[in-house]
Amino acid sequence: MVSVTLRGAGYEVVEAADGEEALEYARGHSVDLVLADVNMPRMNGITLVAHLRTLPEYRLTPLLLLTTESSQQSKQQGKQAGATGWMVKPFHPDQLLATLDRVLSGSAKMPAQAQGG
């Protein structure tokens, strides 16, 4: 649903099967934004974000986490890893696009958050 929504809105999308594959791709390429699910095989999204933040080309890149967790503890773990924000699943495609627009436009003064419903 995420990639279909993004492609439909004109975004170029690169997909990875898991956190390890995403990190391997990131080491050779830069992107404008990363959306990572917290629950992924081989490397979860929080660990991926922490690794990406160690790469100079991803120091300022928006890194958003997608999760079914809405607890403060989960959000704090993401923040400590370096996540720009998080979106709680399920969410409406319009919420995703609005969040990305806000983050990519640089107008987000606080971590991007979207609550699904």
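I'm trying to understand the selection: among the residues of region 9-49, which are over 21 Å from Gln80 (Cα atoms), without any contact (Cβ under 8 Å) to a residue 24 or more places away in the chain and not hydrophobic (A, V, I, L, M, F, W, C)?
Gly10, Glu12, Glu15, Glu21, Glu24, Tyr25, Gly28, His29
Kindly indicate the residue of region 59-76 that is modelled with pLDDT of 90 or more and buried (at least 20 other Cβ atoms within 10 Å of the Cβ) and also farthest from Leu35 (Cα to Cα) among those meeting that condition.
Among residues in region 59-76 that are modelled with pLDDT of 90 or more and buried (at least 20 other Cβ atoms within 10 Å of the Cβ), the one farthest from Leu35 (Cα to Cα) is Pro62.
Of all residues in region 6-42 being more than 15 Å from Tyr58 (Cβ to Cβ) and among the hydrophobic types (A, V, I, L, M, F, W, C), which is surrounded by the most Cβ atoms within 10 Å (Cβ to Cβ)?
Filtering region 6-42 for residues that are more than 15 Å from Tyr58 (Cβ to Cβ) and among the hydrophobic types (A, V, I, L, M, F, W, C), the one surrounded by the most Cβ atoms within 10 Å (Cβ to Cβ) comes out as Val38.
Based on what the data block shows, is Pro41 touching an Asp or Glu at 6+ places or on another chain (Cβ under 9 Å) and modelled with pLDDT of 95 or more?
Here the answer is no, as Pro41 does not meet what is asked.
The values are calculated or read from the model by the stated rules, or taken from the named source; none is laboratory data. All figures in this text were calculated on a predicted structure; none of them were measured in a lab. Ideal geometry is used to build each Cβ from the backbone, glycine not excepted, and the neighbour counts take in all protein chains shown.
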